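Notes to accompany the following structure.
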Number of protein chains: 4
Amino acid sequence: MRHTYSVWVVGGDQRQARLAELLAAAGHTVYTFALEGAGPLDGVEARTELEQAGQGDCVILPLPALGEGGTLNAPLSPSTYAICDILSAMGSGPVVCAGRVEPALFALADGLGVTLHDYAAREEFAVANAVPTAEGALQLAMEELPVTLHGSRALVIGYGRLGRALAPRLSALGARVTVAARKWSDLAWVRAHGWEAEHSGQLRGWLCAYDLIINTVPAPILDEGCLSDLKEGCLVLDLASKPGGVDFEAARRLGVSAIWALSLPGKVAPVTAGVIVRDTVYHILDELGV
Amino acid sequence: MRHTYSVWVVGGDQRQARLAELLAAAGHTVYTFALEGAGPLDGVEARTELEQAGQGDCVILPLPALGEGGTLNAPLSPSTYAICDILSAMGSGPVVCAGRVEPALFALADGLGVTLHDYAAREEFAVANAVPTAEGALQLAMEELPVTLHGSRALVIGYGRLGRALAPRLSALGARVTVAARKWSDLAWVRAHGWEAEHSGQLRGWLCAYDLIINTVPAPILDEGCLSDLKEGCLVLDLASKPGGVDFEAARRLGVSAIWALSLPGKVAPVTAGVIVRDTVYHILDELGV
Amino acid sequence: MRHTYSVWVVGGDQRQARLAELLAAAGHTVYTFALEGAGPLDGVEARTELEQAGQGDCVILPLPALGEGGTLNAPLSPSTYAICDILSAMGSGPVVCAGRVEPALFALADGLGVTLHDYAAREEFAVANAVPTAEGALQLAMEELPVTLHGSRALVIGYGRLGRALAPRLSALGARVTVAARKWSDLAWVRAHGWEAEHSGQLRGWLCAYDLIINTVPAPILDEGCLSDLKEGCLVLDLASKPGGVDFEAARRLGVSAIWALSLPGKVAPVTAGVIVRDTVYHILDELGV
Amino acid sequence: MRHTYSVWVVGGDQRQARLAELLAAAGHTVYTFALEGAGPLDGVEARTELEQAGQGDCVILPLPALGEGGTLNAPLSPSTYAICDILSAMGSGPVVCAGRVEPALFALADGLGVTLHDYAAREEFAVANAVPTAEGALQLAMEELPVTLHGSRALVIGYGRLGRALAPRLSALGARVTVAARKWSDLAWVRAHGWEAEHSGQLRGWLCAYDLIINTVPAPILDEGCLSDLKEGCLVLDLASKPGGVDFEAARRLGVSAIWALSLPGKVAPVTAGVIVRDTVYHILDELGV
């Protein structure tokens, strides 16, 4: 991996703006396009044409790359750009990175001779984002609960990346943590960390003691039956991507306080979110030997 | 200590309301007075007269007990009561507890034959409140910073109760923690916990690396010179009681983001704050052999 | 899963003896065979014949089940038993569990109509044993090093089960922890926990600062070149199963203190090791619906 | 404080030897006397006469300074020296530091015109030594117990320096920790850290659940009555200085495994123990403005 690159940061929101500044601060030559609303960025040159992007080393498209109706996702730009025009401008020169690329977009890019590298599909990207997601969930819980996390009883449902980031943080703040998971080996890990372990298939009837329940599993787990078990005042946070894991309709009927919190990293820590994109793009460049 | 008491909760805000409910849930007979605005409380009888308070085992006045102009501090009541009328109604029967009692109020009570027990002056009360204060500070920092606490560099100034509650929490969330203190033995404790230690007398010139600075010392430490050293975007939280430790006037001039956060427990965790009053009152009763 | 079983604990060492006592204490009817040297065990009936084992619910053979030359592994018994005689006595009635079963033994049992269930091959068994292994490694490091773990610099090579159990323990005791791993996602986890991350392929030349190096990878990583980089007094622990990861011959030549520590759970915590076998056997019974 | 000094390290054991090497490594000019048995030390000049010590900046005597019958404590020297001869050689030039100085020795030194500075009497010295003491206790517990600390139930008696160093370490390793203390404010701290709190005056009858009990209070707490409550196999460690807190005679009668572990830092981590003396001497020099 070389030390400095010429990088184009194209479209996106504050996360992309912060990313551009971070790359400039690291000594790279950075151009932006379709980020006008972010204002002047330190060390970054804003361009109104993409013409020279094809001569850059790397182009970074946002997460997701695609906006509505085949456009570039560019909420900070007053203009609208067809994604195919954007891709056409790249040619085969630079490494083109984008976040959460769907099959149709891969195919479109391919047809235009552009190979897309999806940074959001990489495991290390997801792992790194578990940290700001977990902090965002703690912040929400602190804001909503009338008790401290210290001394509270908290249930984390699921022991994937989010569960692994959440449980130690809750525990370190003094909550009594239970993790519900399905696999014996996950339950063994939960116990190895010193937390209580429950089978996620056997939650009904065992939920009445918690002050806080955080779901991370995208499957219908907290249904009406479970929700009616909850102690008065219990807060439910759902961090699972669609379709989520909570019956929000039932929660409303039952008067249960339930919040569906998505895309926390960009909201609670945009600079950190930019750092994570930057590091993942570095890994892509490193592996490509650019 | 007996198992159940007759307790009067008189005046105060949501913390007192929660306290009344907590005492009722523990099996005590609980009456409230001058808490009308809290609405009906579970298991608690609201009274409009204090006459029978003298026959109770314990009366709990708010923190602080005294409102403006010699009145009872009773923001949830539509009426105004002279504190001397309140105290006169107690007689010498019940144990009368109050928060943050000033010498004049002690003297006044004495003259009326009432011995006041200041729960807020007890060390265990202050220690227990360090937890909700620390959580409140974390919440504020998470809300204000564009980076995660994980990976940030945080400075805690002072290693009294608040410093001791803050440093492990910041560290557990992944911040690189430095604690500034004055005594060699405090610095030894800081190192024994694995954090960086700095002399609080030698901060000037060493502040440019922090993302977050939390002051807990009520003395003018972060003056204009220190504040002008800070890295752009550094957040300053001042948890010190009056006169505080930050020159907020200078911070405004320099564009430094500085927040003076006082009385966090009652604001961020009123139920926990009520639990702490309850437990401290239990200790007082236990020591008095009531 | 039923509440009580009739269980035969056959052969093995102190771990099997403790297992028998633990099962008896949980209310099961427990018989032992070929464990004479363990002496009388609480609540357990020692048998000198296996005849009735076929009527039991479950038979637990040791880890490994096989001793030298086709015999039962039974170091606490004065007698020697051919493993095929042992298996023949079971018949098809009980669930027969054994530890670390090699293909030849599976085949032999199959021929005798016995289905072997290898508890040591299950992920949750390996996870749970990572804890006593990690504690054993801490104990060794504390015994050997002239400095405290607190304040020391420790390198953990590998981020599998052992690495995940070791790093948080070292860190919690105040060591500055670096973890070397190969995958970007593992390195992301290492950073998410707040430890330093290094590529395990790039260790040569970067090893001179460590006081303690713990290898968990069964591949030749710490070769003569690496070992000659080490700081004087650095302790090397190798927890990797054969062939291990350290060139012990070179370590001896170079005067590097290196210890190959295998099978720690049974040595440092035989009761805990017994608990882990018990729990894993419970999972097997539960899944079989016995 | 200047950058380099001329320091004499006189008498003592391996801790003093390591101290001499540490000071030499830091760039000071270091002479030893009466440390012959430690062999040649890196960067250090061994002297057979004390004549020139009076021209040094600092002299460091061991902990304790006094051996039997008015001699210098010098177990590594073949010779015997009267402490008054040693002190006489200093004159009033250097800063003379010594560990655990009794009133008679202060008086003797005073009479010879030498002001002794007791580094062991300083709070930061005691705090820093709590870390190697706590690690030594963990090591002992790991060596003696047949279960892992993870998952065990541990009681720490006393919440002074040792209790504060022990409880977080035990907890971090996965033990369920209870701390017994006498003061409400200490109990509040214990709860603020998330551990169970018990009154140390009410232990009798509540001791049957622990796998490990570590006493830190130098008063007769674990008497015969308490010891007969213990669960079979419970390990008792007494870290309290004389007279200790355990009735060892009764423990032997009752078959309770009890160990009185004193002076752990020098035994388990002599280099760290030397670092702590060095740093404390630095503080003394700094405060004297030498």
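The values are calculated or read from the model by the stated rules, or taken from the named source; none is laboratory data. These numbers come from a predicted model, not from an experiment. Here the Cβ positions follow ideal geometry from the backbone for every residue, glycine too, while neighbour counts run over all protein chains shown.
Within the span defined as segment C:147-164, one or more residues are of a type in the set (D, E, K, R), within 30 Å of residue D:18 (Cα to Cα) and surrounded by fewer than 24 Cβ atoms within 10 Å (Cβ to Cβ).
Give me a count of the residues in segment D:85-96 that are buried (at least 17 other Cβ atoms within 10 Å of the Cβ) and either in a strand (DSSP E or B) or not β-branched (Val, Ile, Thr) (or both). The total comes to 6.
Comparison of B:141, B:181 shows that the only residue that is among the hydrophobic types (A, V, I, L, M, F, W, C) and within 15 Å of residue B:193 (Cβ to Cβ) is B:181. Of everything in segment A:114-137 that is part of a helix (DSSP H, G or I) and among the acidic types (Asp, Glu), the residue that is farthest from residue C:185 (Cα to Cα) is A:135.
Taking every residue in segment D:269-289 that is under 13 Å from residue D:117 (Cβ atoms) and pairing it with any residue that is surrounded by fewer than 24 Cβ atoms within 10 Å (Cβ to Cβ) and among the acidic types (Asp, Glu), at least 6 positions away or on another chain, the pairs with Cβ-Cβ distances below 7 Å are D:280/D:124; D:283/D:124. Summed over segment A:237-265, the residues that are touching a strand residue (DSSP E or B) at 6+ places or on another chain (Cβ under 7 Å) and either among the polar types (S, T, N, Q) or under 28 Å from residue A:13 (Cβ atoms) (or both) give a count of 13. Which of the residues that make up segment C:129-160 are more than 7 Å from chain D (Cβ to nearest Cβ) and among the β-branched types (Val, Ile, Thr)? Matches in segment C:129-160: C:133, C:156, C:157. Looking across segment C:47-56, just one residue is among the charged types (D, E, K, R) and closer than 21 Å to residue C:108 by Cα, and that is C:51. Given the options B:69, B:113, name the one that is at positive phi, surrounded by fewer than 22 Cβ atoms within 10 Å (Cβ to Cβ) and without any contact (Cβ under 8 Å) to a residue 12 or more places away in the chain. Only one candidate qualifies: B:69. Does segment D:37-51 include one or more residues that are of a type in the set (S, T, N, Q), part of a loop (DSSP other than H, G, I, E, B), out of contact with any Phe, Trp or Tyr (no Cβ under 9 Å at 6 or more places or on another chain) and more than 17 Å from residue D:270 (Cβ to Cβ)? For segment D:37-51, residues of a type in the set (S, T, N, Q), part of a loop (DSSP other than H, G, I, E, B), out of contact with any Phe, Trp or Tyr (no Cβ under 9 Å at 6 or more places or on another chain) and more than 17 Å from residue D:270 (Cβ to Cβ): absent. The residues of segment B:21-33 that are touching a helix residue (DSSP H, G or I) at 6+ places or on another chain (Cβ under 8 Å) and away from chain A (no Cβ under 14 Å), listed by number, are B:23, B:26, B:30, B:31, B:32, B:33. Looking across segment A:208-227, the residues that are under 21 Å from residue A:152 (Cβ atoms), more than 14 Å from every other protein chain (Cβ to nearest Cβ) and outside any loop (DSSP other than H, G, I, E, B) come down to A:213, A:214, A:215, A:222, A:226, A:227. Taking segment B:121-172 as the range and being over 20 Å from residue B:259 (Cα atoms), in contact (Cβ under 8 Å) with a residue 60 or more places away in the chain and not charged (D, E, K, R) as the test, the residues that pass are B:125, B:128. Only a single item in (1) surrounded by 13 or more Cβ atoms within 10 Å (Cβ to Cβ); (2) not in a helix (DSSP H, G or I) is not met by residue D:78, and it is number (1).
Whether a residue is at pLDDT 95 or above, crowded, with 22+ Cβ neighbours inside 10 Å and more than 17 Å from residue B:138 (Cβ to Cβ) was assessed, and residue B:239 does not pass this test.
Checking every residue in segment B:196-206 against the condition of being more than 14 Å from chain A (Cβ to nearest Cβ), buried (at least 24 other Cβ atoms within 10 Å of the Cβ) and touching a helix residue (DSSP H, G or I) at 6+ places or on another chain (Cβ under 7 Å) gives zero matches.
Based on what the data block shows, is residue B:182 free of Cβ contacts under 8 Å to residues at least 24 places away in the same chain, more than 14 Å from chain A (Cβ to nearest Cβ) and surrounded by fewer than 24 Cβ atoms within 10 Å (Cβ to Cβ)? Yes; evaluated as a whole, the condition is true for this residue. Candidates are the residues of segment B:97-107 that are part of a helix (DSSP H, G or I) and more than 18 Å from residue B:34 (Cβ to Cβ); the one that is nearest to the other protein chains (Cβ to nearest Cβ) is B:106. For segment D:214-232, the count of residues that are touching a residue at least 24 places away in the same chain (Cβ under 8 Å), of a type in the set (D, E, K, R) and closer than 29 Å to residue D:63 by Cβ is zero. If you go through segment D:233-281 and keep only what is of a type in the set (A, V, I, L, M), within 14 Å of another protein chain (Cβ to nearest Cβ) and part of a loop (DSSP other than H, G, I, E, B), you end up with D:261, D:269.
Filtered by the rule that a residue be of a type in the set (D, E, K, R) and modelled with pLDDT of 95 or more, segment B:242-290 gives B:247, B:249, B:252, B:253, B:278, B:279.
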